[in-house]
Amino acid sequence: MRAIAVTCPTCGATLSVPSGTVSVACQYCGRPARIQERSRVWQVPRPLAAPGPAQPTPVARQRVSPLVLLLICGAVLGSFGAGLYVVVALTAPAPSLAEGPPPPAVQAPAAVVAAMSWGGLVPVPVDVDGDGRAELVGFIRYTSDGDRVKLAALSTVDGRVAWATDWLGTYSDLIQTTLAARGDLILHTTSAGEVRAYDRATGAARWTAALGEKIELVCAGPGPAEVVVGLADDTWVALDGAGATRAATPLLRLDRPPRRRQAAQAAFAAAGVEAPAGLCVRLDNRGFTRPVGVLSIDSWVGLPRVAGMAVQLLVRNPGGPAVAVGHRAKGSPVPMLARIEGDRAAWTVEVPTADPLNARADEDDVALGADYAAQFYQRGSNQPSAVAAFALADGARRWTVDLPLRTSVTGLRAVGDLVVVTTSFSLIGLDAATGAQRFRVGEF
């Protein structure tokens, strides 16, 4: 039986299936699709009839080479007579991002086409060119090219690629890894217990340190170029800017139930721009259980009571006010935010406006800017998801933006004047003042 190549209609991944197969589940996004009868030269698969009025049924399509079709068209047109001349211009697919000039010592990114997707993780903000404005560093993913991945820095103005590394592996190789930034380095922690360092300005590889154990989190170290890494065996290792390692004193982790609740509360409340001694201020972008880029503390330490609200999480920027994330205390769990001052709430607000009783939110999908808080939430069935932003001063709603997403959100982060929303395939940059979409990488 011969295998044929088809393209997933949801994520664009290339799949190999036996001929005669009538249905397939994508190994990348998990979405099912039906396969039409294999196409001939002039037969192009069409979407099948919708099973209902809401959405069409996805149909996997056979990959057809544009070059083959071009040669066939030229042969057919040439048969009409020698007096007929045909000029055909080949153009690349419309790029989703503009490509910047290649940096020294790093391979320039390939032509950025619509098939390029975001690599899923929340980006790390890094000023790669020294202009005082952070870029977004993360993985870019090419599902139609072996689902391979590069590390790249993107502009927060328009999503432009500043630099990109060579291939680092496949998406499945890197899905459990994290990124962090410290000093002039970008740090990539791997599932094999390694820390790989790349130059902030160019993306060039600098060094690799093997720690011999799974890495759970990366914290700010006492020096400007130093990090302290927490390992799965509860040991701690410090790394300097050259990759040299030494044993480190254990740090207080706010992502675990602490032995001393009052010490955790005090450390969270006292954290300023400079991290207090003994507290892990996380640098990595692991967002599976925690919001990224903020200090957070969970309900196991005894969070402040807010009238009418069940508080699940406190978040704050070092030196900034604390914001409670939760939902209504009774009845339907309508998502809520509140600003905390001391042991009371300065204001409370319900996040959704339309159909609030069917709205749901994960407390991890929250971001804090200098003067605002934003949260992602899901509306009822067949409704678009949304992000809403509120002024920290008084809780006034700044904006609410619908996001017709087809995949779940992997995180939210405030970066300068941008609210960054990430999914398994896309990165969306929203203007923090207006909510207007500034750019998008990949498909929803």
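The values are calculated or read from the model by the stated rules, or taken from the named source; none is laboratory data. Just so it is clear, the structure is predicted and the values come from calculations on it, not from any experiment. Please note: Cβ atoms are built from the backbone with ideal geometry, for glycine as well, and neighbour counts cover all protein chains shown. Accessible surface areas use protein heavy atoms only, side chains included; no ligands, DNA or RNA. Shrake-Rupley method; radii C 1.70, N 1.55, O 1.52, S 1.80 Å.
Here are the numbers:
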| read-out | value |
| --- | --- |
| Residue within region 346-364 that is open to solvent by less than 10 Å² (accessible area, probe 1.4 Å) and in contact (Cβ under 8 Å) with a residue 60 or more places away in the chain present | no |
| Number of positions in region 157-183 that are farther than 20 Å from residue 282 by Cβ and of a type outside the set (Ser, Thr, Tyr) | 13 |
| Criterion (modelled with pLDDT of 95 or more and not β-branched (Val, Ile, Thr)) met by exactly one of 293, 319, 331, 369 | 369 |
| Selection within region 378-390 - surrounded by fewer than 16 Cβ atoms within 10 Å (Cβ to Cβ) and either of a type in the set (Phe, Trp, Tyr) or touching a strand residue (DSSP E or B) at 6+ places or on another chain (Cβ under 7 Å) (or both) | 384 |
| Residue that is under 21 Å from the mean Cα position of the chain (by Cα) and assigned to a strand (DSSP E or B), where the choices are 374, 346 | 374 |
| Yes/no for residue 181 being small (Gly, Ala, Ser), in contact (Cβ under 8 Å) with a residue 60 or more places away in the chain and touching a Ser or Thr at 6+ places or on another chain (Cβ under 7 Å) | no |
| When residues of region 397-415 are limited to those that are under 13 Å from the mean Cα position of the chain (by Cα) and not hydrophobic (A, V, I, L, M, F, W, C), the one least open to solvent (accessible area, probe 1.4 Å) | 411 |
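Here's the yes/no breakdown for (1) open to solvent by 30 Å² or more (accessible area, probe 1.4 Å); (2) in a strand (DSSP E or B):
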position: 268; (1), (2): no, no
position: 291; (1), (2): no, no
position: 312; (1), (2): yes, yes
position: 319; (1), (2): yes, no
position: 327; (1), (2): yes, yes
position: 333; (1), (2): yes, no
position: 338; (1), (2): no, yes
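Matching residues to (1) touching a strand residue (DSSP E or B) at 6+ places or on another chain (Cβ under 7 Å); (2) at pLDDT below 95; (3) surrounded by 18 or more Cβ atoms within 10 Å (Cβ to Cβ); (4) under 30 Å from residue 436 (Cα atoms):
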position	(1), (2), (3), (4)
145	no, yes, no, no
159	yes, yes, yes, yes
174	yes, yes, yes, no
185	yes, no, yes, no
191	no, yes, no, no
197	yes, no, yes, no
204	yes, no, no, no
